[in-house]
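First the structure, in the form of structure tokens, and then the observations on it.
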Amino acid sequence: MTSQTIPSPIRVRFAPSPTGNLHLGGARTALFNFLFARHHRGVFLLRIEDTDRERSTDSAIAAILDGMRWLDLTWDEGPIYQTSRLDRYRDVALDLMARGHAYRCSCTPDELEERRKEAQAKGLPPRYDGRCRDRHVSPETPHVIRFRNTPDQIFAFSDLIRGPLSFDGNLLDDLVILRTDGMPTYNFAVVVDDADMKITHVIRGDDHINNTPRQIAIFRALGAEIPLFAHLPMIFGSDRTKLSKRHGATSVMAYRDMGYLPHALANYLVRLGWSHKDQEIFSREELIALFDLDHVGSSPSVFNPEKLLWLNAHYIKNSPDAALAPLATELLAPIEEPLPGSSDPDYRAHVMGLLKGRARTLAELAESSHPFLDRALTIDPAAREKALRTDSIPILDSLLTALGSLQEWNAETLKNVFTQIGEAQNRKLGDLAQPVRVALTGKTVSPGIFDVLILLGREVSLTRISGALSELRKNIMAPSPESSSPRKDHP
Ligand code: GLU
């Protein structure tokens, strides 16, 4: 694609401007850079582009670093802060000036605005008219430094994703490279850095594609090696407009808080633009082995939250129980009265093992584990309505008596009790299990009923069944307007 020789090793960077959270698009850019570097055994550098002092914040820097660490995107160099390199940008700007590639400009914003309007009125492009190009503005006068654009240049490059692109240099402005306060502008700082940091491949969002010819012009003036460029296509929401808050959560950490696993989110993000046959699930090692820019498509991808949820469920199901326990604990609602032994890591891991097959997020996993950790049980009103009815009384009553007299509490003895009562009352196992399930977990969906009984143990199981039973009996005696009394259906 290019005749340029690329120095070895490959060096790439992720260069966020810390003006907000790490969002999904930024995370995908970081991920692609990370994978590209790891695949080629190159270097992945993190650079914080914080020269816009009004919009850059420490909390945004912290959020970006947290997001990168959470996604397990370790960088090899940095973070390098552009604000720690201001002297370097000034020196390079002065050097460009000394070599005739830049000049001081003292036009004030008001003057520029006036001339822009005049140009527009004449139907001319609203560009800087070059007034200060040869005026030799004194360094004492308040000024900016502008890059001197060489006329009649063509900026052609072969984008590794978009293919050959070419821009007419005559359309470029003499852009400001250093502001009056000495701060470099984005296009200038990025080139000085990419040159100094020996970046070989610039992989970034295609919102920067129009900046690329401007940057190439500066690379040329610096006499620096021009990196290869790979501009990643946009990420759309379902309505095919740029992904934004309107489409739901866009910050990486919001996904952590909703109970997504970092590797599930990364696996989802990598497929926004990159593919390997029709494979959907990749371990990190596989991604490193397979990822390259050849299979990054040039058309926008559409963010699909359902698919992300599906992937997350897959990752949860395949995570070790002991690893899930502390993650789900972070999302657990407050525990009123811990069940005995429920803080034991082995017990918690066991709970995860029973529940993880049905959870799509860690938040769902935390929610479904609550009845196994807290003595206080909340019964879902819809589950109560469905499964704790008047006709559940004889079931719960007989089970309570039979279970209460069991000598041993294990799968076999429990199963025998259910079978015998089922036969005696002419009911199927499911008819018996459902009211017990709701009495024990507050929900109509849970792991197998014998697993639940064993996990909760005799004392808690019997207390909950007996509690549900008394509640039902109380409702028959005195239905209260708040309770979901079964009497409405069964007078
Ligand atoms: N700081 C720029 C941004 O956050 C990225 C610059 C680049 O990758 O060239 O959009």
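Which of the peptides 291-300, 277-286 is most tightly packed, and how do the rest follow, going by the mean number of other Cβ atoms within 10 Å of each residue?
Packing proxy ranking, top to bottom: 291-300, 277-286.
3J(HN,Hα) along segment 214-226, derived from phi through the Karplus expression 6.51 cos²θ - 1.76 cosθ + 1.60 where θ = phi - 60°, amounts to 4, 6, 4, 4, 6, 3, 4, 5, 7, x, 9, 5, 8 Hz, with x in place of Gly and Pro. Computed from backbone phi with θ = phi - 60° and the Karplus coefficients 6.51, -1.76 and 1.60, the 3J(HN,Hα) list for segment 136-141 is 6, 4, 6, x, 6, 6 Hz; x is used for glycine and proline.
For the chain, the longest principal axis of the C-alpha atoms and the axis of helix 321-330 are separated by about 80°.
Taking the C-alpha atoms only, the angle from helix 109-121 to the longest principal axis of the chain is near 80 degrees.
Computed about the Cα centre, the dipole magnitude for the chain is approximately 740 debye when only Lys and Arg (+1) and Asp and Glu (-1) carry charge, each at its Cβ. A straight Cα-to-Cα reach below 14 Å connects Lys117 with the aspartates and glutamates Asp129, residues fewer than 8 places away in its own chain not being considered. Peptides 315-323, 266-274, 40-48 ordered by packing proxy, namely the average of other Cβ atoms within 10 Å per residue, highest first: 266-274, 40-48, 315-323. Mean residue ellipticity at 222 nm, helices only, the chain: -13500 deg cm²/dmol; runs of at least 4 DSSP H residues each add -39,500 (n - 2.57), and the sum is divided by the number of residues.
Element breakdown for the chain at a 1.4 angstrom probe: carbon and sulfur atoms account for 51% of the accessible area. Helix 345-355: angle to the longest alpha-carbon principal axis of the chain, degrees 0 to 90, nearest 10? Roughly 90 degrees between the two axes. Among the GluC sites (Glu not before Pro) found in segment 381-443, those both in a DSSP coil and sparsely packed, with 16 or fewer other Cβ atoms within 10 Å of their Cβ, are Glu408. Both radii come from the Cα set of segment 290-377: Rg as radius of gyration, Rh as Kirkwood radius; their ratio Rg/Rh reads 1.17.
How large is the accessible surface per residue of the chain, computed with a 1.4 Å probe and reported in Å² as a whole number? Could the numbers behind the result be given before it?
Values: 23890 Å² over 491 residues.
Per-residue value: 49 Å².
For the chain, build the charge dipole from Cβ charges (+1 Lys, Arg; -1 Asp, Glu) around the Cα centre, then report which of Leu86, Gln120, Asn211 sits farthest towards its positive end. Result: Gln120.
Can you give the FRET efficiency for Arg179 and Ala249, using 1/(1 + (r/R0)^6), R0 = 41 Å, r = Cβ-Cβ distance, to the nearest 0.05?
Efficiency at R0 = 41 Å is approximately 0.70.
Report the net charge of residues surrounding Ala15, where surrounding means a beta-carbon distance below 11 angstrom and charges are Lys +1, Arg +1, Asp -1, Glu -1. Surrounding charge for Ala15 is -1.
The values are calculated or read from the model by the stated rules, or taken from the named source; none is laboratory data. Note that this is a predicted model, so its numbers are computed, not measured. Cβ: placed from backbone, ideal geometry, glycine included. Neighbour counts: every protein chain shown. For accessibility, only protein heavy atoms count, side chains too; no ligands or nucleic acids. Shrake-Rupley method; radii C 1.70, N 1.55, O 1.52, S 1.80 Å.
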